Amino acid sequence: MKKILQDLSYEEIEALILSLGERKFRAGQVYLGLMQGKKISELPVSSLLRERLIEQFEDEPVKIYKTYTAEDGTKKYLFLLADGNLIEGVLMKYKYGNTQCVSTQVGCRMGCKFCASTLGGLIRNLTAGEILSQILAVNRAAGGTLKDRAVTNVVLMGSGEPFDNYENVVTFLRNLTSEHGINISARNVSLSTCGLVPQMKAFSGEGIPLNLTVSLHAVTDAERKRTMPVANRYRICEILDACAEYFKKTGRRYIFEYSLIAGENADEAHAEALVKLLKGKPCHVNLIRLNEVKERKLNSVSEKEAYRFLGVLEKNGISATLRRSMGSDIGGACGQLRANHLKESADHAQHCKGDTDEH
Ligand code: SAH
């Protein structure tokens, strides 16, 4: 694979363009074009400069390969990377704007028992530019511009663990929020982590005040270990300390994701234990009914049970919401789209192989 031009900041592109013997204002044209989601071959500069860039850099590092539209307007995208890997993303429509969910890795090595992204393990990290390009491509495809963006909010909740790809994710966040670029405010960005404590602490010092979201999914370490292998490395109390530090440094309240899994974490006693754990903390809880993944044996709770759980939190003064599951008719849970697509391709290959064996 060649290098990724979208990895670079505005200042780095300027240095590159000058090193190619071009005038400084060309850097602005190149950067603006890239932020509009253009391929290098579409940039409004001389064909000589385009050719020289394409010698070193991927023309289109992230290509929209398939688009699926759900009944509720949610769009899902399968993206093709330059090395043939596939990743997925979602664009959800809300009253206040459109939220895009992006991937940070191809696959994931965290091994959460309910998640489809980890089924094949980690293939590789995405570069900063590959993460950014998912947004640039969707903003363009959805008819957005830099002034009037079709993507207004970003969540790092696609496949991958953002803090397992720390450097690239931080570079991506700096470029995403840069005033030279698509300029999405950190306040409109949510980063979800399974709770890698050292990276959470390091991130507190980066000066990026986004919505830090932690996948909790359990109220005790013992129960958390049953569904999240990362719980063998970090305890819930350490996670809470790291969250407190983030609040202290940024003034941003933090968010816990809690997916309700029948027979695991969703009883009234769990709700009460969660209240005890979080009482008085500047946090919010996002409940979601487990999105059942067919390769996994875990089941969701009923809507009624989910509301009962929410009721316990609310009654006890914990800020919480039960999130609607969006676009479930087109493969809701994380990693499902890619997993389904890979499986279809594998079935297809198997089928074709079967054919040739017969002849
Ligand atoms: N690696 C990050 C981001 C991953 S996905 C993290 O762990 O936070 C975003 C959220 O979806 C996480 O809270 C994750 O635990 C949750 N999730 C994954 N699979 C799910 C499923 N099948 N049903 C409900 N939530 C799921």
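Ignoring ligands, DNA and RNA, what percent of the accessible area of the chain is carbon or sulfur (1.4 Å)?
Heavy-atom surface of the chain belonging to carbon and sulfur, 1.4 Å probe: 48 percent.
Anything over 28 Å Cα to Cα? Flag those among 201/281; 3/113; 113/201; 63/248; 95/225, in the order listed.
Among 201/281; 3/113; 113/201; 63/248; 95/225, the Cα-Cα distance tops 28 Å for 3/113; 63/248; 95/225.
Along the charge dipole of the chain, which of 192, 182, 286 sits closest to the positive end, that is, farthest toward it, with unit charges on the beta carbon of Lys, Arg, Asp and Glu (+1, +1, -1, -1)?
The residue sitting most towards the positive pole is 286.
Each residue of the range 164-169 in order: what ³J(HN,Hα) in whole Hz does its phi give by Karplus 6.51 cos²θ - 1.76 cosθ + 1.60, θ = phi - 60°, with x for Gly and Pro?
3J(HN,Hα) across the range 164-169, in whole Hz: 8, 9, 4, 4, 5, 5.
To the nearest 20 debye, what charge dipole does the chain have about its Cα centre, counting +1 at the Cβ of each Lys and Arg and -1 at the Cβ of each Asp and Glu?
940 debye
Compute, for the range 29-148, the length of the dipole vector about the Cα centre, with Cβ point charges of +1 (Lys, Arg) and -1 (Asp, Glu) only. Units Debye, rounded to 20.
That gives a dipole near 320 debye.
Specify the angular offset, from 0 to 90 degrees and rounded to the nearest 10, of the alpha carbon long axis of helix 25-35 from the longest principal axis of the alpha carbons in the chain.
That works out to roughly 40 degrees.
Among 278, 176, 132, which one moves the most in a GNM of the chain with springs linking Cα atoms closer than 10 Å?
Sorting by GNM fluctuation, first place goes to 278.
Would you kindly give the portion of the calculated P(r) for the range 103-174 that falls above 14 Å, as a percent of all Cα pairs? Can you show the working numbers first?
Working: 1542 of 2556 pairs.
Counting every Cα pair in the range 103-174, those more than 14 Å apart make up 60 percent.
Anyone know which of 121, 73, 21 comes out most mobile in the 10 Å Cα GNM of the chain?
Sorting by GNM fluctuation, first place goes to 21.
Hey, what number do you get for the chain at 222 nm if only DSSP H runs of n ≥ 4 count, each worth -39500 (n - 2.57), divided across all residues, to the nearest 500?
Working: 11 runs with 134 residues, N = 359.
Mean residue ellipticity, 222 nm, calculated: -11500 deg cm²/dmol.
Can you give me the accessible area per residue for the chain, using a 1.4 Å probe, in Å²? Write out the running numbers ahead of the final one.
On the way: 16350 Å² over 359 residues.
Accessible area per residue: 46 Å².
Would you mind classifying the range 46-118 by shape? Square roots of the alpha carbon gyration tensor eigenvalues, ordered a ≥ b ≥ c; an a/c under 1.5 is rounded, otherwise it is prolate if a/b is larger than b/c and oblate if not.
Working: a/c = 2.81, a/b = 1.50, b/c = 1.88.
Here the range 46-118 falls in the oblate category.
Enter the angle in degrees (range 0 to 90, nearest 10) between the Cα long axis of helix 303-315 and the first principal axis of the Cα atoms of the chain, meaning the one along which they spread out most.
Value to nearest ten degrees: 80.
The values are calculated or read from the model by the stated rules, or taken from the named source; none is laboratory data. What you are looking at is a predicted structure, and each value in this text was computed from that prediction instead of being measured. Positions of Cβ are generated from backbone atoms using ideal geometry, with glycine treated the same way; all protein chains shown enter the neighbour counts. What goes into the accessible areas is simple: the full protein's heavy atoms, side chains included, and nothing from ligands, DNA or RNA. Shrake-Rupley method; radii C 1.70, N 1.55, O 1.52, S 1.80 Å.
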